[in-house]
Amino acid sequence: MPYPPPSRIPSGTRRRSLLASAAGAALLAGCSSGSGDTGSTGGSPSVAEKARARAARDSAGLVERYDAAIAAFPGLAEHLAPLRAEVVRHTEAFGGVPKAKGKASPSARPSASASASPPADEKDALTGLAAAERALADRRSAALLEVPGELARLMASVAAAGAVHAYLLTEGAR
């Protein structure tokens, strides 16, 4: 027994239905992502601004740690200058205002939160800076899910740079 020919549905109806469905889905997705993204990713200006300000403060604090290490151990200045310059650029990228380039201020001594006691030697200074870089990179990596896209990309980039700094500082301490 031969098979009956397939019933033909006018192709226009199916195309129109498909286009209408696609347009409706795009409209629905556009509406839901616009209002849902802000709340779910923490994209509100206040969250982003707080995260940016904290990142700038953290980077400025790291610059102060570099300055304190250079002041305590001038022999490290040549090794630390490029890393310090990068941290200054990170501070600026987050909207912070860094101290004068290459100048250690009198207040550049490690704070109680940065270091309980000054390092005993150059190796300890490098190890302390590496630990500070690593901890800050970890905090920034953890905060990526809480900030909107462009700030998240900046924080990821700076966190990666901090991890590289920690590696370089650790290798320099050996």
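Tabulated results
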read-out: The stretch 147-152 - phi-based ³J(HN,Hα) in whole Hz, Karplus 6.51/-1.76/1.60, Gly and Pro as x; value: 10, x, x, 5, 5, 5
read-out: Between the stretch 73-101 and the stretch 126-174, the alpha-carbon center distance in angstrom; value: 14 Å
read-out: Residue-by-residue Karplus 3J(HN,Hα) for the stretch 124-133, coefficients 6.51, -1.76, 1.60, Hz, glycine and proline x; value: 5, 5, 5, 5, x, 5, 4, 5, 5, 4
read-out: Length released on extending from SER46 to ALA142, taking residue separation times 0.36 nm less the Cα-Cα span; value: 32.7 nm
read-out: Where only C-alpha atoms are counted, convex hull volume of the stretch 116-174 per residue in Å³; value: 66 Å³
read-out: Fully extended contour minus Cα-Cα distance, from GLU92 to GLU78, at 0.36 nm per residue; value: 2.8 nm
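Read-outs throughout are calculated quantities, based only on the coordinates presented, and are distinct from any laboratory measurement. Given the structure is predicted, the values throughout are model-derived calculations rather than measurements.
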